[in-house]
Amino acid sequence: MVGSLLLRGMIVGLLAGILVFAFARTFGEPMVDRAIAFEEQESAAKGEAPEPELISRATQASVGLATGALFFSTAAGGIFALVFAYVYGRMGTLGARATSALLALAAFVSIVLVPQIKYPANPPAVGNPDTIGARTELFFIMIVLSIAALCLAVGLARRLWAQHGGWNACMISAIAFIVVIAVIQLLLPTVNEVPDNFSAVVLWRFRIVSIGMHVILWTMLGFVFGALAEKALEGGSQRRLAYAAR
């Protein structure tokens, strides 16, 4: 059954990757082109020679973007399916669809939304190349801490459930999660390397597209995978009952 769920997760991830690519190609690439044009203008104003283009812009915006979107989404779908297989049946009486939807929402909040509030995505021309390693490290630290805080919040909700009821337990754990995340984001260093004359519209739209790509991915995994997982689990249960009836 785990293998069956894994296959379904990867298929849904692949389909989501196609939609992510189409969305990014339509709405994200124009913002990237504007950011690159800004970078070239800044270099020309400083009298600097343009950097050599190792991979053509056309290749980056087509084959490169498609490869990245498909591989990432397929891998995310597989990992999502494995996590689903682990948590399914451990969340009370929730069925496959509800479990998948809640798991996708939790993944989006902890892996995408919370880290990007502190360290949002930036287009080309934004950021110092010398600090890219440190910025990447801070971003992944934020992801790890966000996931850890969410796991602690879920554990707190399960502890309070019997004593305070489901609604109160969820509210208390949600507030605890928000407080912990707020403290973490205050303690972590702030990174702001956006040039003063960079277009705020381009920056805002690029960041919206970046979040939108993840919305597509995790929505597909939450709902489409949930429907396929429900069919797989119900089919397996029916086969077992039929075999036992023999």
**Asked** Would a scan of the stretch 151-172 turn up a residue that is over 23 Å from the mean Cα position of the chain (by Cα) and on the phi > 0 side of the Ramachandran plot?
**Response** yes
**Asked** Out of the residues in the stretch 82-96 that are small (G, A, S) and part of a loop (DSSP other than H, G, I, E, B), which is modelled with the lowest pLDDT?
**Response** G92
**Flag for E29 being at pLDDT 90 or above and more than 26 Å from V224 (Cα to Cα)** = yes
**Message:** Any residue at all in the stretch 128-151 that's outside any helix (DSSP H, G or I) and in contact (Cβ under 8 Å) with a residue 40 or more places away in the chain?
**Reply:** yes
**Message:** Quick check on my filter: what residues within the stretch 179-205 are without any contact (Cβ under 8 Å) to a residue 60 or more places away in the chain and closer than 11 Å to P123 by Cβ?
**Reply:** W204
**Check on A76, open to solvent by less than 20 Å² (accessible area, probe 1.4 Å), within 20 Å of A16 (Cβ to Cβ) and modelled with pLDDT of 95 or more** = yes
**Prompt:** What do you reckon, is I79 assigned to a helix (DSSP H, G or I) and within 23 Å of the chain's Cα centre (by Cα)?
**Reply:** yes
**Message:** Checking N192 against (1) closer than 27 Å to R34 by Cα; (2) part of a helix (DSSP H, G or I); (3) polar (S, T, N, Q): exactly one of these is not met. Which one?
**Reply:** (2)
**Request:** Output the qualifying pairs, or none if there are none: Cβ atoms under 8 angstrom, residues six or more apart or on different chains, first residue in the stretch 105-127 and within 12 Å of R207 (Cβ to Cβ), second residue polar (S, T, N, Q).
**Result:** Q116/S210; I117/Q185; P120/S210; A121/S210
**Request:** With respect to S100, determine if the residue is part of a helix (DSSP H, G or I), open to solvent by less than 70 Å² (accessible area, probe 1.4 Å), touching a residue at least 24 places away in the same chain (Cβ under 8 Å) and not aromatic (F, W, Y).
**Result:** yes
**Asked** Of all residues in the stretch 175-193, which are among the aliphatic types (A, V, I, L, M) and open to solvent by 40 Å² or more (accessible area, probe 1.4 Å)?
**Response** I175, I178, V179, V180, A182, V183, L186, L187, V191
**Request:** Filter the stretch 47-58 down to residues that are exposed (fewer than 12 other Cβ atoms within 10 Å of the Cβ) and assigned to a helix (DSSP H, G or I), then give me how many there are.
**Result:** 1
**Item:** Residue within the stretch 64-71 that is over 15 Å from the mean Cα position of the chain (by Cα) and surrounded by fewer than 17 Cβ atoms within 10 Å (Cβ to Cβ) present
**Value:** yes
**Fill in**
Scanning the stretch 23-44 residue by residue, those farther than 17 Å from V126 by Cβ and loosely packed, with under 14 Cβ neighbours inside 10 Å turn out to be T26, A44
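The values are calculated or read from the model by the stated rules, or taken from the named source; none is laboratory data. For clarity, every value in this text was computed on a predicted model and none was experimentally measured. Cβ atoms come from the backbone with ideal geometry, glycine included; neighbour counts cover every protein chain shown. Surface accessibility is based on the protein's heavy atoms, side chains included, excluding ligands, DNA and RNA. Shrake-Rupley method; radii C 1.70, N 1.55, O 1.52, S 1.80 Å.
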